[in-house]
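Contents: one structure, followed by commentary.
The values are calculated or read from the model by the stated rules, or taken from the named source; none is laboratory data. Bear in mind that the values here come from a model prediction, so they are computed numbers and not experimental data. Cβ: placed from backbone, ideal geometry, glycine included. Neighbour counts: every protein chain shown. What goes into the accessible areas is simple: the full protein's heavy atoms, side chains included, and nothing from ligands, DNA or RNA. Shrake-Rupley method; radii C 1.70, N 1.55, O 1.52, S 1.80 Å.
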Amino acid sequence: MASEQIGYRGPTACAAAGITYRQLDYWARTGLVEPSVRPAHGSGTQRLYSFRDVVVLKIVKRFLDTGVSLQNIRTAVQHLRERGFRDLERMTLMSDGATVYECTSSDEVHALLQGGQGIFGIAVGVVWRDVESALSQLHGERVDTGETLVGPNPADELARRRNRAV
């Protein structure tokens, strides 16, 4: 099934991105990372995040962990959004703590390192694979039917036994 047809509820997105539900809620309410599959429409509705949304959540978390300001992260996420999040998995994001740079070639990375200041880099392909691995262990939801999908290695023992019995 194509990943565009699968959405992830808030708790699943949090688990895969390594963030708290409070962070997820705040980032959605302030427009930093909004769920692209299904936004919340009042109380009782569940937000549904796409795979790419979860990758961006994890990138935001990594930048926060290194001390990049939320304002600078917002600027970087806005830039990625304007690009339509294309080629994310082939990109390296670099930061000197103040600015976030997008590097699509090793020459661009090298040029930044020549500046002499400390640079932090995120190889988005690695984050992409981390999120794929984490989500394969968690529940997704079919966008068209709402059916809950369990990854190939369900976490609970009862589900594992049922799958073996079939």
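Just a few scattered comments:
- Under the Karplus curve 6.51 cos²θ - 1.76 cosθ + 1.60, θ = phi - 60°, whole-Hz ³J(HN,Hα) for the stretch 74-88, x wherever Gly or Pro sits: 4, 4, 5, 5, 4, 4, 4, 4, 5, 7, x, 6, 6, 6, 3
- In the stretch 7-89, the portion of solvent-accessible area held by carbon and sulfur atoms comes to 47 percent [1.4 Å probe, whole percent, DNA, RNA and ligands not counted].
- Prolate/oblate/rounded call for the stretch 65-109, Cα gyration tensor, a/c under 1.5 rounded: oblate
- Gain on full extension, evaluated as 0.36 nm per residue between Thr99 and Ala123 minus their Cα-Cα distance, stands at 7.0 nm.
- 20 °C / 1.002 mPa s Stokes-Einstein diffusion coefficient of the stretch 21-128, Kirkwood radius on C-alpha pairs, µm²/s: 147
- Peptides 33-41, 6-14 ordered by average Cβ neighbours within 10 Å, highest first: 6-14, 33-41
- Stretch gain in nm, segment Glu132-Leu149, where the contour uses 0.36 nm per residue and the Cα spacing is subtracted: 4.7 nm
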